Amino acid sequence: MLSLRQVSVTLEGTEVVSDVSLDLPDGQVLAVLGPSGSGKSTLLRAVAGLEDASGEIGWDGRSLAGVPTHRRGFALMFQDGQLFDHLTVGGNVGYPLRLRRVRGNALRHRVAELLELVGLGGYAGRRPATLSGGERQRVALARALAVEPRLLLLDEPLSALDAGLRERLAGDLRRILTESGTTALLVTHDHDEAFAVADRLAVLRAGRLVQEGTIGEVWRAPVDADTALFLGYARVLTGAAAVRLLTTAGLPAAPEVALRRSALVVDPAGALEATVVSARMTPDQMRLVVDLDGVGPLDAVAAPDVHAGPGDRVRLRLEVSRLAAIDVP
Ligand code: ADP
Ligand code: MG
C-alpha cells in the first residue's frame, strides 16, 4: 500500500504541499479534493517521483526515495488524456505493452480486452481525432491500465468533459477501477467527481490536509465552514442563527450549521415559520427563498403542487439528513 508521512514539496521557494500524511490500502480509491492551486497536482507528481519531496513516500513499507518514476510501477492519467494522435486507438492502448515487448496475438487480445473494459469494444482501428472527449478519456484510461499498474494516479481525469458526460463517466470509472481491482489516487476540485469515484476522501487546502475519512464521514461532519461549502453545502449559518435553527427543529445546538439547498422543506406540520421572498418552479420541485423568523433569508424547497408566492407565510421542517452541525473547536 501507499503511505505518505509528512510529505512537503517546495517549488521556487514556496512550500505548496505541507506535511501531508495519508495511507492508501490496496484496492481502494482515494480522492484528494481541493480548490485550484491547493497543491493537488504537485502532490500527485511527488508520488509519481516527478517532483522532489521531503518526508517519506513509501510502498509496502519500503521508501520510494531514489526510485525513478518508470520503476515505481505507477501509471498516470491527466485531464486531457494526452493520446498520440498519429496512432490508432489500438496503437495508443497497446503502446505501453509494446514497450514491454508484448506482440502479435497476445497484444491484440489484451488491447481488445482493455477496450471492452472501458466500453469501447470495436474502436481499435479508429483515430483519436475522430473521438469525442469522453471517448478519448476512456482510451487514455485503457492505456493507463494496460500494464496493470500497482497504483493509478488520476489528475482531474473528467474535468474537461461537460457535466452530463462527466457524471456518466464518473460512474463508469468507479466500476472499471473496482472490476480491475486497481488502487487509485484521484485528485480533483470537483466534489461530485470525488463522491462518484472514490471510497475515501482527503480534503486539501493551501497544501495541507484538513480532513480525511470515508465519503460519508466527511460529508456528515465537515471540519469547518470552508470545507462544508467546498463539499457542496449551500449555506453555513453561525452563532445565534445556527443555534436557533437547530433547537427549533429539536436538534442539539452547535456553533455552526451547514445546510444543503433542500434542507428546509415546506410542510404544514413543520416547526419553523417563514415568509416567502421568492418562488421559482423547476421540473422536480419549487425552489424558494424564505425569510425564516429569527434567522433570515434561506433557500427552501416545496413539492410542485404547493402554492406559495412572495409574502405568503409558510411552515417548514428541517431535513436532518441535509444538514451538518459543525463543532468549531
Ligand atoms: P492544483 O493542482 O491543486 O491546482 P498545483 O499543485 O498545480 O495545484 O499548484 C499548487 C501551487 O504551486 C500553485 O500556487 C501554483 O501556482 C504553484 N506552482 C505550481 N507549479 C509550480 C512551479 N513549477 N513553480 C512554482 N510554483 C508552482
Ligand atoms: Mg492541478
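The values are calculated or read from the model by the stated rules, or taken from the named source; none is laboratory data. Owing to the predicted nature of the structure, the values given are computational and were not obtained by experimental measurement. Methodologically, a virtual Cβ is constructed for each residue, glycine included, from the backbone with ideal geometry; neighbour enumeration extends over all protein chains shown. Ligands, DNA and RNA are stripped out before the accessible areas are found, and what is left, the full protein with its side chains, is counted by its heavy atoms. Shrake-Rupley method; radii C 1.70, N 1.55, O 1.52, S 1.80 Å.
Side notes on the structure shown:
- Sequence-separation-based contact order of the chain, relative, with Cα cut under 8 Å and 6+ spacing, percent: 16 percent
- Positive-end ranking of 13, 107, 149 along the dipole of the chain, with charges on Cβ about the Cα centre, is headed by 107.
- At R0 = 30 Å, FRET efficiency that the Cβ-Cβ distance of residue 11 and residue 71 yields, to 0.05: 0.80
- Of all DSSP beta bridges in the range 2-225, antiparallel share, percent nearest 5: 55 percent
- Along the axis of the charge dipole computed for the range 230-326 (Cβ charges of +1 for Lys and Arg, -1 for Asp and Glu, origin at the Cα centre), the listed residues 233, 281, 306 are led at the positive end by 233.
- Full-stretch length increase - residue 293, residue 320 - with 0.36 nm per residue and alpha-carbon distance subtracted: 7.8 nm
- Debye, to nearest 20: dipole size of the range 1-100, +1 on Lys, Arg Cβ, -1 on Asp, Glu Cβ: 400 debye
- Unit charges on C-beta of K, R, D, E only; dipole of the range 2-225, Debye: 1080 debye
- Accessible surface, 1.4 Å probe, highest first, among residues 286, 1: 1, 286
- Heavy atoms of residue 180 accessible to a 1.4 Å probe, total area in Å² rounded to 10: 50 Å²
- Inter-part distance where the range 1-66 and the range 201-236 are each reduced to a Cα centre, Å: 19 Å
- Accessible surface of the chain, 1.4 Å probe, proportion on carbon and sulfur as whole %: 50 percent
- The chain, accessible area per residue, ligands and nucleic acids excluded (1.4 Å, Å²): 47 Å²
- Helical contribution to [θ] at 222 nm, DSSP H n ≥ 4, -39,500 (n - 2.57), averaged over the chain, rounded to 500: -8500 deg cm²/dmol
- Cα centroid of the range 94-136 to Cα centroid of the range 279-329, whole Å: 50 Å
- Taken along its three principal axes, the alpha carbon spread of the chain comes to 74, 45, 32 Å, from the longest extent down to the shortest.
- Residue-level accessible surface for residue 189, protein heavy atoms, 1.4 Å, Å²: 90 Å²
- Relative contact order %, the range 1-116, counting alpha carbon pairs below 8 Å whose residues are six or more apart: 22 percent
- FRET efficiency, 1/(1 + (r/R0)^6) with R0 45 Å, evaluated for residue 109 and residue 253 via beta carbons: 0.10
- Highest mean first, the peptides 42-51, 102-111, 157-166 sorted by other C-beta atoms within 10 Å per residue fall in the order 42-51, 157-166, 102-111.
- Mean Cα-pair separation over length for the range 163-312, i.e. relative contact order, pairs under 8 Å, 6 or more apart, %: 13 percent
- J(HN,Hα) series, the range 171-186, from Karplus relation 6.51 cos²θ - 1.76 cosθ + 1.60, nearest Hz, glycine and proline x: x, 5, 4, 4, 4, 5, 5, 5, 4, 8, x, 7, 7, 9, 10, 10
- Between residue 262 and residue 21, the modelled label-to-label distance comes to 3.9 nm, taking each label 7 Å out from Cα in the direction of the beta carbon.
- Per-residue SASA remark: residue 123, around 50 Å² accessible (1.4 Å probe; ligands, DNA and RNA not included).
- Ranking 59, 219 by solvent-accessible area of protein heavy atoms (1.4 Å probe, all protein chains present), from largest to smallest, gives 219, 59.
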